[in-house]
Amino acid sequence: PLGRRRAALPLDRVQGAQLLDSLIEVAARPGGPSVFHPRPEDPRVTLELTATAAWVVDQYAVEHVEALDGGGVRVRLAVSALPWLERLLLRLGPDGEIVAADPPLDAHVGARAARRVLARYR
């Protein structure tokens, strides 16, 4: 199921596409070591993502991925700073939801961040 992920493509540069009869395995991104190295004591958050938000798997160091019906995924990742999680949730909008956190975390973190951003425009 993860082989069906859609990578973000600059569509103005696509010259053609071909439907394959089989899935392909996507190799890890080259580019050397990751900038982020989670610590054992960093909080872990589990997010449920729609198919539209499955790009998170390609962009961030997820520790666990589980395919969901409809093309979505459930991912667990380390969070070293709450503002980073808030920004991610703002980007995801309704396509991402916190379903678990260790230690427990308010599930409305994203909504509170959105209200703070909207307040700046008033």
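The values are calculated or read from the model by the stated rules, or taken from the named source; none is laboratory data. Predicted, not measured: the structure shown is a model, and the values here were computed from it. Just so you know, the surface numbers come from the protein's heavy atoms only, side chains and all, with ligands and any DNA or RNA stripped out. Shrake-Rupley method; radii C 1.70, N 1.55, O 1.52, S 1.80 Å.
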Task: Linear extension gain, A51 paired with L68, 0.36 nm per residue minus alpha-carbon span - done: 5.2 nm
Task: From phi via Karplus (6.51, -1.76, 1.60), per-residue ³J(HN,Hα) for segment 99-109 in Hz, x at Gly/Pro - done: 10, 7, 8, 9, x, x, 9, 4, 5, 9, 4
- [ ] Go through R112, R87 and list them by solvent-accessible area, largest first, probe radius 1.4 Å.
- [x] R87, R112
Task: Accessible surface ranking that places the most exposed of E66, E97, E86, E25 first, with a 1.4 angstrom probe - done: E25, E97, E66, E86
Task: Net length gained if the chain between R116 and I24 were fully extended (0.36 nm per residue, minus Cα distance) - done: 28.9 nm
Open item on the list: Run the numbers for E41 and R91: contour at 0.36 nm per residue of separation, minus the present Cα-Cα distance, in nm.
Closed with: 15.4 nm
